[in-house]
Amino acid sequence: MTQAEIKLCSLLLQEHFGEIVDKVGAHILQTGSQPLRLISNDTGTPLDQVKKALCVLIQHNLVSYQLSKRGFVEYEAHHDRVLRILRYPHYIYTAKTLYGDTGELIVEELLLNGKMTMSTAVKKVADRLTETMEADGKAMDYGEVSSTFVRLVDTHFIYRCPAPLEPPEGAAAPAPVAPLLLTSEKDMYTVPKLSMIGKGKRRRSSDDDDDDDASEQQTKRQKKEADSKETLPDDGIYWQVNTERFHQHFRDQAVISAIANKMDQISSEIVRTMLRMSEVTTSSNAAHTQPLSSNEIFRSLPTGYNISKQVLDQYLSLLADDPLEFVGRSGDSGGGMFVINLHKALATLASATLESVVQERFGSRCARIFRLILRKRHLEQKQVEDFAMVPAKEAKDMLYKLLSENLVTLQEIPKTPDHAPSRTFYLYAVNILSSSRLLLQRCYKTVANLIERRLFETKENKRLLEKSQRIEAIIASMQATGAEEAQLQEIEEMITAPERQQLEALKRNVNRIDASENQVDETIFILESYISTSTKP
């Protein structure tokens, strides 16, 4: 793990969980797996605070524990899971796109809490949706939220957390030092039978709370007693977000978008259908999808696309013969068997990303040379000059610039054993994998710089932000009590015109930084996906 990754992980932990969790998490990331007391001694943090920090990190699946050979428990941090915090907005937005507001809030609650039982998540989401429906006087039914939760589980966007093994009945064995967490493949996506009847509840207003304070406390006490007696059927069954499944969805969308840009909408819809048919059966790091016959694809096409079987076969042949090689032919049974070459698609997307970076940093002529070397694999300097139609001096400068940035490599092929320069071929080539790794580290550094800049901007304007929040809270409370327009106007004028301009500038800058973070994260995702499929055992 590089310094850029450690720095970015530390910033993400500090921003989302605070300084103590950041100190503990960053220390485990740097040193590797360590026992509790050693973490406490090395970080100079009290033992109880380290325990709480580890509880938070374990709850959010950022740290795991295991029993060492010496018999004590060691804690290990997973930097890849910490870096996924950057992608949380993408997960929530995808859930909203696929499953509406209910799906969005379910995924948001699970990401905020790390792990939750189904009943708790359903109640929280129903209550939040009911509050938004306050103007209509409606309430969200628990059954609707439960059905969306089940749909998310069926499509593997949510899965069951591993649970500790239950001791056999009658056995009085001592509790293990570190409980072993296991889950079977069969139970991972099995939803417990849970009949939740009721609707979401709204929060009481402040006036109602003052009037009914004593009765409310009594009701709460009765509810707590009832909850302590009553155990729900899903007690102890916790759920978490399946980030790998979301990544699979992002990868599929990138492939579909690339096909749509290269060919047309019908081709992208055919590829979308193939990916949808194999989304649950294909693992996130597979090199290609499961083979699908032409007849199966034809039957699964959306009803809106009225294309004949003959036209579909022509499109599939066209996709299979395309130089991109996103779609491959794997057999002739059932009208022809076809697969989507996911590794090849990710390699093409990574190459396009590298080309784009070279063009933005060094200009169109440099990008032309880079693209040429990428297509021809190996070229001498004279060949680059001829093929790219660039003057010799310019071509030499550009090649050495790319070489100094490690975007191209130089390979020596000697004619004689003495490696004399006059009798040696010097070939330029592009190693996509090493260039992708280099660019990925730069992306991590960029995101860390963006986060630091956002923190600096908010810190510089902290006093003004606090003043704005206080005034907004006063206006909201006055509106609730039915204040006059003149009174509200008087409160609003407490923020002067220059301060208002400063606030607008801050908001604009922060929004721009957030948008930049999301754009860089899209590049990070493409590069990470390509590197993981290239280096998998």
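The values are calculated or read from the model by the stated rules, or taken from the named source; none is laboratory data. Keep in mind that what you see is a predicted model, and the values were worked out from it rather than measured. No Cβ is skipped: glycine too gets one built from the backbone with ideal geometry, and neighbour counts run over all protein chains shown. Remember, those area values only see protein heavy atoms, side chains included, never the ligands or the DNA or RNA. Shrake-Rupley method; radii C 1.70, N 1.55, O 1.52, S 1.80 Å.
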### Query
Relative contact order of the stretch 361-430: what whole-number percent is it, with Cα pairs under 8 angstrom and at least 6 residues apart?
35 percent
### For the stretch 361-430, convex hull volume per residue from C-alpha positions, Å³
87 Å³
### Query
Distance from the Cα centre of the stretch 381-445 to that of the stretch 482-502, in angstrom?
62 Å
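Quote the charge dipole size of the stretch 410-490 about the Cα centre in Debye, to the nearest 20; the model charges only the Cβ of Lys and Arg (+1) and of Asp and Glu (-1).
Working: 12 positive and 10 negative charges, 132 e Å.
The calculated dipole for the stretch 410-490 is roughly 640 debye.
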### Query
So how tilted is helix 47-59 from the main axis of the chain? Cα-based, degrees 0 to 90, rounded to 10.
70 degrees
### Task
Positive end of the charge dipole of the chain (Lys, Arg +1 and Asp, Glu -1 on Cβ, about the Cα centre): tell me which of TYR315, ILE58, TYR305 has its Cα farthest that way.
TYR315
### Message
So I have [x] 22.3, 75; [y] 32.1, 101; [z] 28.9, 97, and one of them is Rg and Dmax of the Cα atoms in Å calculated from this model. Which one is it?
### Response
[z]
### Query
What does the charge dipole of the chain about its Cα centre add up to, to the nearest 20 debye, if the Cβ of each Lys and Arg holds +1 and the Cβ of each Asp and Glu holds -1?
2200 debye
#### Entry: In degrees, nearest ten, helix 19-31 long axis to first principal axis of the chain (Cα)
40 degrees
### Task
Keeping all protein chains in place, calculate the accessible area per residue for the chain (probe 1.4 angstrom), answer in Å².
57 Å²
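Among 264-270, 408-414, what's the highest-first ranking by average C-beta atoms within 10 angstrom per residue? Provide the component values of the computation, followed by the final result.
Details: 264-270: 17.0, 408-414: 13.4.
So the order, starting with the most tightly packed, is 264-270, 408-414.
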### Message
Using only DSSP helix segments of four residues or longer, with each worth -39500 (n - 2.57), what per-residue ellipticity at 222 nm results for the chain after dividing by its residue count and rounding to 500?
### Response
-20500 deg cm²/dmol
### Query
Rounded, prolate or oblate: which one fits the stretch 3-77, using the alpha carbon gyration tensor with axes a ≥ b ≥ c (rounded when a/c is under 1.5, else prolate when a/b beats b/c, else oblate)?
prolate
## Note on the structure
Most packed first (mean Cβ within 10 Å per residue), the peptides 388-395, 508-515, 254-261 order as 254-261, 388-395, 508-515
### Message
Counting only protein heavy atoms and a 1.4 Å probe, tell me what percentage of the chain's accessible area is made up of carbon and sulfur.
### Response
50 percent
### Summary
Out of VAL24, HIS249, ILE413 - ranked by how far each Cα lies towards the positive end of the dipole of the chain, with unit charges on the beta-carbon of charged residues - the top one is ILE413
### Task
Using only the alpha carbon atoms of the stretch 272-390, find the Kirkwood hydrodynamic radius as the inverse mean reciprocal pair distance, in angstroms to one decimal.
16.8 Å
## Note on the structure
Which residues qualify? For CYS161, with a placed amide H closer than 5 Å and at least 5 residues away or on another chain, they are TYR238, TRP239, GLN240
### Task
Find which of SER364, ALA476, ALA388 sits farthest along the positive direction of the dipole of the stretch 358-478, computed with +1 on the beta-carbon of Lys and Arg, -1 on that of Asp and Glu, about the Cα centre.
ALA476
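Against the 2.2 N^0.38 Å scaling, with N counting residues, where does the stretch 246-340 land? I'd like the Cα-based Rg ratio to two decimal places. Can you show the working numbers first?
Numbers: Rg = 12.3 Å, N = 95, 2.2 N^0.38 = 12.4 Å.
Against the empirical 2.2 N^0.38 Å value, I get 0.99 for the stretch 246-340.
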